[in-house]
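Working notes, structure below.
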Amino acid sequence: MKHFLSSLFPQSFKNYYHLICAVFAALFFGFPAKNIRVIGVTGTNGKTTTSQFIAKVLEEAGYVVALASTINFQIGSKHWVNESKFTTSSAWKLQKFLREAVQAGCDVVVLETSSHALDQHRTFGIPYEIAVITNVTREHLDYHKTMEAYRAAKQKLFKKAKVAIINADMQKPEEFVFPFHEAVVQYSTKNKEADIYARGVSLDFKKVEWFTAETHFVLHLPGIFNIENALAALAVAQVLHIDFSVARKALEKITGIPGRMELVENASGIDIVIDYAVTPDAFEKLYASVLPLKIPGTQIIHVFGACGERDRGKREEMGEIASRSSDIVILTNEDPYHEDPEQIIDEIEKGVSKKKEKDYFRIFDRRQAIHKALEMAEQGDIVLVTGKGAETSMAFGDKRVPWNERAVIQEELATLNK
């Protein structure tokens, strides 16, 4: 019923309601963000990992940190899981979180900030000091309708901030620079003229290495995109006058981010990777990291679906990328919400045109789909399971069914080993 009633009103009308709620929340909690330094991180892909990296660098530098991200919350030494399925909380919960962070004596808060939250005024009353953007690629067009509107929503974060940190490798980075910015720092893995540049890059399934300035960095996570995310954290370090030697120690201590290029250890010699990738750009970046590490004679098996009631246009693109880049595709359920799961898979399937019948499967039950992938995999193969990451539930209509991707994979591995 709530879903039906919401569909009756245009988003512009609902945004007035969100604004009223945001103003009231800020007033009620006394505009707590004015008493803490705020770093906002936005982007289509990579913002969760980047937020985690920034928080770790700040902690290593001695800051008392608060963090609000898609996967978790933190206030000082207190950590807990974000089970809401929202990147940025409602205005009321967000202002309450900020007040608790201030009361706990936090020096800085890292806020993963979504385009939805910016468009809906949920961040009203938050004076961002630093804004970070990882990229802007196709996503959320069910909501924003056009890429121009999507980019405009993200620009709102940069219109609030004093300092802009921008991925120079993204499309139209200049659109996020405004005359009133006190400083602009651009980072890149491609452009040597960028303020923060990665050279001497070395990639492996267990780690990446590179140099920025004269400092050698090691990150125990795979993927060139994780170097991009780390460079954003280094840009924050530079703005806050944190020495790169401190940042290096922080990044080297990171052994994994839940649901982000997360490796599942196993005794079968299979490289099992869990990742939140839910966009064509995220798929391209995932395969750009995985394909160079593929051993000749082995295969890549990809299990994925698409979220219901989201940008439908990206589904065929994702199917095409997986079809082109993997050896076996297994399509399955992934938060259908109120949409017909079969229709979702039909739309992804349009892109899976190059697969032979034996290389393509439709298995609606996600556990069974994962079981099939693990059953088919042999030593040296790569199994990619994408779309859920570290989420703790799956959405069917208004119901939330408990789900833990890593636990399911481990359970199915145990079943097969028996």
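The values are calculated or read from the model by the stated rules, or taken from the named source; none is laboratory data. Given the structure is predicted, the values throughout are model-derived calculations rather than measurements. We place every Cβ from the backbone using ideal geometry, glycine too, and count neighbours over all the protein chains shown. The area values use the complete protein model at the heavy-atom level, side chains included, leaving out ligands, DNA and RNA. Shrake-Rupley method; radii C 1.70, N 1.55, O 1.52, S 1.80 Å.
I need the calculated FRET efficiency for the pair Tyr63 and Lys85, taking r as the beta carbon distance and R₀ as 45 Å, to the nearest 0.05. Could you put the intermediate results ahead of the total?
Details: r = 29 Å, r/R0 = 0.64.
Using R0 = 45 Å, I get an efficiency of 0.95.
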Return, ordered by residue number, the residues of the stretch 38-77 whose backbone nitrogen is under 18 Å from a label point located 7 Å along Cα→Cβ of Ala213.
54, 57-62
Between Asn72 and residues 5 or more places away or on another chain, the pairs with built amide H atoms under 5 Å apart involve Asn82
Using +1 on the beta carbon of Lys and Arg, -1 on that of Asp and Glu, and nothing else charged, what's the dipole of the stretch 245-338 about the Cα centre, debye to 20?
360 debye
Test item: Cα-centred dipole of the chain, Lys/Arg +1 and Asp/Glu -1 on Cβ, debye:
980 debye
Along the positive direction of the dipole of the stretch 51-157 (beta-carbon charges: Lys, Arg +1; Asp, Glu -1; about the Cα centre), which of Gln95, Leu67, Ala55 reaches farthest?
Gln95
Under the 7 Å Cα-to-Cβ spin-label approximation, Asn404 and Gln343 lie apart by a distance in nanometres of 3.4 nm
To the nearest 0.05, how large is the calculated FRET efficiency for Ser245 and Leu416 if R₀ is 35 Å and r is the Cβ-Cβ distance?
0.15
Using a cut-off of under 11 Å, list every residue of the stretch 286-309 whose amide N is near the label point 7 Å from the Cα of Tyr17 along the Cα-to-beta-carbon line.
none
Please give the contour-minus-distance gain from Ala152 to Lys253: 0.36 nm per residue of separation, less the Cα-Cα distance, rounded to one decimal in nm.
32.8 nm
Which of these, Ala282, Ala407, Ala267, has the largest mean-square fluctuation under a Gaussian network model of the chain (Cα springs below 10 Å)?
Ala267
If I model a spin label at Glu265 and Arg367 as a point 7 Å from the Cα along the Cα→Cβ vector, what separation in nanometres do I get?
2.5 nm
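Using r as the Cβ-Cβ distance of Leu141 and Leu291, and R0 as 25 Å, what FRET efficiency do you calculate, to the nearest 0.05? Each step should come with its number before you reach the end.
On the way: r = 27 Å, r/R0 = 1.10.
Approximately 0.35, to the nearest 0.05.
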Modelled label reach - Phe180, point 7 Å along Cα→Cβ, the stretch 124-159 residues with backbone N closer than 15 Å
124-131, 155-159
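Residues of the stretch 81-232: accessible area per residue at 1.4 Å, in Å²? Display every interim value, and only then the final one.
Working: 6280 Å² over 152 residues.
Here the residues of the stretch 81-232 average 41 Å² of exposed surface.
If you roll a 1.4 angstrom probe over the protein chains with everything in place, what fraction of the accessible area of the chain belongs to carbon and sulfur, to the nearest %? Intermediate values should be presented prior to the final figure.
Values: 9560 of 18070 Å².
That fraction is 53 percent.
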Taking only Cα atoms and a 10 Å spring cutoff, compute GNM fluctuations for the chain and point out the largest among Ile295, Ile166, Ile328.
Ile295
Karplus-derived 3J(HN,Hα), 6.51/-1.76/1.60, for each residue of the stretch 329-342, Hz, glycine and proline x:
10, 10, 8, 8, 6, 7, 6, x, 6, 9, 8, 5, x, 5
Would you mind checking which residues have amide H under 5 Å from Glu334's amide H? H placed 1.01 Å from N; only 5 or more apart, or other chain.
Ala306
Toward the positive end of the charge dipole of the chain, about the Cα centre and with charges on Cβ (Lys, Arg +1; Asp, Glu -1), which of Gly305, Met318, Ser114 goes farthest?
Ser114
At 0.36 nm per residue, and after removing the present C-alpha to C-alpha distance, how many nm does the segment from Asp359 to His220 gain when stretched out fully?
46.8 nm
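Hey, what's the stretch 354-404 come to in accessible area per residue, 1.4 Å probe, Å²? Each step should come with its number before you reach the end.
On the way: 2690 Å² over 51 residues.
Dividing the accessible area of the stretch 354-404 by its residue count gives 53 Å².
When the dipole is taken about the Cα centre of the stretch 184-252, and only Lys, Arg (+1) and Asp, Glu (-1) are charged at their Cβ, what size is it in debye, to the nearest 20? Intermediate results must be reported in sequence, preceding the final value.
Details: 7 positive and 8 negative charges, 28 e Å.
Computed charge dipole of the stretch 184-252: roughly 140 debye.
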